[in-house]
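The values are calculated or read from the model by the stated rules, or taken from the named source; none is laboratory data. Here the structure is a predicted model, which means the values were calculated and not measured. Here the Cβ is made from the backbone with ideal geometry for all residues, glycine too, and neighbour counts use every protein chain on show. Side chains are part of the model used for accessible areas, which takes the heavy atoms of the whole protein and leaves out ligands, DNA and RNA. Shrake-Rupley method; radii C 1.70, N 1.55, O 1.52, S 1.80 Å.
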Amino acid sequence: MVPRQRQTDRGPGQRVGAGDVAALRSVGELFRTLDHTYGGGHARQALVRYLEHEAEPMLRGTYGETTGRRLFAAVAELTRLAGWTSYDIAAHGLAQRYFVQALRLAQAAGDRGYGAYVLLTMSRQAVYLGHGREAVQLARVAQQGIGSAAPSLVQALLHAVEARGHAVLGEARSATAALTRAEHALESARPGDEVPHWARGFDEAQLADELGHCHRDLQQYRAAAQHAERSLELRPPAYARSRLFCRVVLASARLGLGELEQACRLGAEAAQQAAEMRSVRATEYVRAFERSLEPFRDAVAVRGYRDRVAALG
C-alpha cells in the first residue's frame, strides 16, 4: 500500500456498506473525467490523498463477503487510476507500483476481468516507452487471463492493444492481424451484450484511434491519416487528451505524405491544446512532432508553426 502520512477518522473496525462503495465509484468517475479533459497532473494529488485517507482505510474496516469483493474492486479502480495519472505525468516507476497494487486488489476482489484491464494499461505504458515486446506479452497475458468467452467488445479492446505493441516493433503482419481481429470483434458486438463498465468506452472512435497510431508507427501514412480523421470525427470533445494525441498522429501522417502546411496547422492546434493541459504525454507528443519537422526547419510553414507555438509562451 501507499504510505499513510496521518491518522484518518476511520477506525479499523468501522462498518463499510454499499453506500461507501458507491461513493468510491462516483469519486472514480469524477477523477476519470478530470483526467480525460485536463490531463493526469490536474487532480492526481487529490486522487492520491483520497486513496490514502478514504479508500484504503475502508479495506481495514468490517464488511460481508459480497461488500468486500465490491470494495476491493472499487479500490482497485482508484489505484489503477492513480497509476494512470502518474504515467501521464511521466512518473513511470510510481505508475508501475500502482498498477501492480491494482492487480493485487483485483485478485482479492476475484475480478479477473479487471485484472486483465490493468495488464492492458501496463501494456499501453510499455508502448509509450517503446518497449514493444513487453507490450505484446502483457496484452497476451491479459487475453489468457480473461479467456475466449469474454464479450466481443472486450475482445476488440484486447486485440487492439496487442496491435499497438506489434506496430511499435515494426511487425506489420502481426499488427494487421491483431487489428483485423479487433475490427471483427467490434463488428460482432451488440447493444444488449453484457459488458464490464471498464470496456464500454471502447467504440468505433477508439478503434480508429488505435488504427491511426498503428499505421503511423508502421509508416503507412495514408491509412494513418484516414483512421485519425475518422476518430476525430467520432470522438466527443470531453476526451480532449485523446483527441490531442490523435491530432498529432494526423499531423505526423500529413507530414509523411509531404503535406507540410497541413501538418504544421494540425501540430499547432495540438500544441495549443497541450499548453492548456497538465500532461507530460501531451507535451511529449507535440515535441516528437516538432523533432520530425527538423529537416524542414527553413520552410515557411515550419517557421509559421514555430511562431505560433512561441506565442503560447
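With (1) modelled with pLDDT of 95 or more; (2) in contact with a Gly (Cβ under 9 Å, 6 or more places away or on another chain); (3) under 17 Å from Gly115 (Cβ atoms) as the list, and Ala150 as the residue in question, which single condition is left unmet?
(1)
If we scan segment 206-225, do we find a residue that is among the charged types (D, E, K, R), buried (at least 19 other Cβ atoms within 10 Å of the Cβ) and under 16 Å from the mean Cα position of the chain (by Cα)?
Checked against the condition, which is being among the charged types (D, E, K, R), buried (at least 19 other Cβ atoms within 10 Å of the Cβ) and under 16 Å from the mean Cα position of the chain (by Cα), segment 206-225 yields at least one hit.
Looking only at segment 266-275, filter to residues that are in contact (Cβ under 8 Å) with a residue 24 or more places away in the chain and open to solvent by 30 Å² or more (accessible area, probe 1.4 Å); which one of those is nearest to Gly304 (Cα to Cα)?
Selected residue: Gln272.
Counting only residues that are of a type in the set (D, E, K, R) and under 16 Å from the mean Cα position of the chain (by Cα), which one in segment 67-84 is surrounded by the most Cβ atoms within 10 Å (Cβ to Cβ)?
Glu77
Please go through segment 246-265 and pick out each residue that is among the hydrophobic types (A, V, I, L, M, F, W, C) and surrounded by 24 or more Cβ atoms within 10 Å (Cβ to Cβ).
Cys246, Val248, Val249, Leu250, Ala251, Ala253, Ala263, Cys264
One line per residue, one yes/no per condition, for (1) modelled with pLDDT of 95 or more; (2) over 30 Å from Arg112 (Cα atoms):
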| site | (1), (2) |
| --- | --- |
| Arg200 | no, no |
| Ala208 | yes, no |
| Asp217 | yes, yes |
| Gln220 | yes, yes |
| Ala225 | yes, yes |
| Glu229 | yes, yes |
| Arg287 | yes, yes |
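Could you check segment 202-226 and list, in sequence order, the residues that are touching a helix residue (DSSP H, G or I) at 6+ places or on another chain (Cβ under 7 Å), assigned to a helix (DSSP H, G or I) and more than 23 Å from Leu153 (Cβ to Cβ)?
Arg216, Asp217, Tyr221, Ala223, Ala224, Ala225
Go through segment 28-51 residue by residue and tally those that are open to solvent by less than 30 Å² (accessible area, probe 1.4 Å) and either of a type in the set (A, V, I, L, M, F, W, C) or more than 17 Å from Ala90 (Cβ to Cβ) (or both).
Summing the residues that are open to solvent by less than 30 Å² (accessible area, probe 1.4 Å) and either of a type in the set (A, V, I, L, M, F, W, C) or more than 17 Å from Ala90 (Cβ to Cβ) (or both) in segment 28-51 gives 6.
Would you point out which residue out of Ser242, Ser231 is without any contact (Cβ under 8 Å) to a residue 60 or more places away in the chain, open to solvent by less than 50 Å² (accessible area, probe 1.4 Å) and within 18 Å of the chain's Cα centre (by Cα)?
After applying the criteria, what remains is Ser231.
Here are Arg297, Arg287, Arg291, Arg308: which of them is farther than 17 Å from Ala225 by Cα and under 20 Å from the mean Cα position of the chain (by Cα)?
After ruling out the rest, the residue left standing is Arg287.
Out of all the residues in segment 167-201, which are open to solvent by 10 Å² or more (accessible area, probe 1.4 Å), within 17 Å of the chain's Cα centre (by Cα), among the hydrophobic types (A, V, I, L, M, F, W, C) and closer than 24 Å to Ala238 by Cβ?
If the condition is that a residue be open to solvent by 10 Å² or more (accessible area, probe 1.4 Å), within 17 Å of the chain's Cα centre (by Cα), among the hydrophobic types (A, V, I, L, M, F, W, C) and closer than 24 Å to Ala238 by Cβ, then Trp198 is the only one that fits.
Being closer than 22 Å to Arg181 by Cα, part of a helix (DSSP H, G or I), among the hydrophobic types (A, V, I, L, M, F, W, C) and open to solvent by 10 Å² or more (accessible area, probe 1.4 Å) is the filter here; which residues of segment 93-152 pass it?
Within segment 93-152, Leu119, Met122, Val127, Leu138, Val141, Ile146 meet the criteria.
Of all residues in segment 14-32, which are polar (S, T, N, Q) and at pLDDT 95 or above?
Ser26
Quick check: is even one residue across segment 159-181 closer than 29 Å to Thr66 by Cα, β-branched (Val, Ile, Thr) and in a helix (DSSP H, G or I)?
no
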